[in-house]
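Worksheet: the structure to be examined is printed underneath.
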Amino acid sequence: MNSKQKWYSFPLTGIMGGLFLLFAACSNVDEADRLVVINTLDVDTTAVDTDDITDDLYAPQVRNILIEDFTGQDCVNCPDATEIISLIAIKAAQSDGYGVVPVAIHSGPLGVMPSTQHPDGLATELGNTYYTTWGGQYQPIGLINRSSDGLLDKEYWDAAVSYYASEFNATASTNIAITPEYNATTGQLDVKVYVAAIEGATTGKLQVWLTEDNIVAFQRFPGNVVQEDYVHNHVLRCSLNGTWGEDISVAEEQYIEKDYSCQVDGQWNASQLTVVAFVTNDSGVVQVVKMKVERWMRVES
């Protein structure tokens, strides 16, 4: 039985009642014109949040699942995919066994690059590179934990997440912790990422991304209807350590610390930024966590 056949027979979870909204120079639109406050369901998947983070780095973490959603503002079916992700995240939040970290990668032929005509375009060259490399041919399409199944239609995301969650141990064999520090005066973001090998050695790639929530920008819907004030969440903004991350190797019961810095783009709302860090190997995503920058913001006098 191949890897796809092992879970394609799983029934897709029915639509739950009620929907919830979930999401280098890393340079200028008035934030008041493009940002609104909405109620969000935000699952904090990082188990470590202390001043001396290494003290708790070896505490148990749940094994989380990464959803890479290749999307676009000209993609009329992409809002449906966003709703599916919202439902998946809600279900994960109500479960004891795992968490979900979604990232919206605006890219491809239906992604909109920022321009004079579309200053609120959310696509990036980084996203286009990912879309092309993974073999994207249409949108929406997604990767679930970078498994061997590759890109999947949105109709399969729920079943795939449920399957991989059931296959994982309740706790991760690799722990990740993130401590971002944002200087609101200078606009500089400094990020420390810790990776600890809990059971066995950890060898693979560490990727660190910056995403933004609550971005108000246009989105196209079926019938060529354009909603100018659509709220986009967990939008990939940049990578802090290169397109494909960096190689790491951590001996069992040891940890490594990585440091990153970037100047936050003046068009982004720092209070809505999140650092996403994950480790991958040949089997897929070993662990993924996220941490909101807002928790670590400071202002210098």
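The values are calculated or read from the model by the stated rules, or taken from the named source; none is laboratory data. This one's a predicted model, so the numbers in the text were calculated from it and none came from an experiment. Because the Cβ atoms are built from the backbone with ideal geometry, glycine has one as well, and the counts that use them run over all protein chains shown. Ligands, DNA and RNA are stripped out before the accessible areas are found, and what is left, the full protein with its side chains, is counted by its heavy atoms. Shrake-Rupley method; radii C 1.70, N 1.55, O 1.52, S 1.80 Å.
Some notes on this structure:
- Relative contact order of region 147-301, pairs being alpha-carbon contacts under 8 Å that are 6 or more residues apart, as %: 31 percent
- Accessible surface, region 109-221, averaged per residue in Å² (probe 1.4 Å): 37 Å²
- Beyond 25 Å in Cα-Cα separation lie the following of the pairs LYS91/LYS258; LYS91/LYS290; LYS154/LYS258; LYS91/LYS154; LYS258/LYS290; LYS91/LYS292: LYS91/LYS258; LYS154/LYS258.
- For region 152-212, a crude dipole built from +1 on the beta carbon of Lys and Arg and -1 on the beta carbon of Asp and Glu, taken about the Cα centre, is about 240 debye to the nearest 20.
- A simple charge model with +1 on the Cβ of Lys and Arg, -1 on the Cβ of Asp and Glu and nothing else charged puts the dipole of region 146-301 at about 260 debye relative to its Cα centre.
- For TRP296, the solvent-accessible surface with a 1.4 Å probe is about 60 Å², rounded to the nearest 10.
- In region 122-156, the chymotrypsin sites (Phe, Trp or Tyr not before Pro) that fall in loop regions by DSSP, at most 15 other Cβ within 10 Å: TYR138
- Among the protein heavy atoms, those of LEU122 account for about 10 Å² of accessible surface (1.4 Å probe, every chain in place).
- For MET113, the accessible area of its heavy atoms, probed at 1.4 Å with every protein chain present, is near 70 square angstrom.
- Loop-resident GluC sites (Glu not before Pro) (DSSP state other than H, G, I, E or B) in region 167-268 with no more than 16 further Cβ atoms inside 10 Å of their Cβ: GLU199, GLU252, GLU253.
- Near the amide H of GLN61, within less than 5 Å, lie the amide hydrogens of ALA172, all on another chain or at least 5 residues away, with H placed in the peptide plane.
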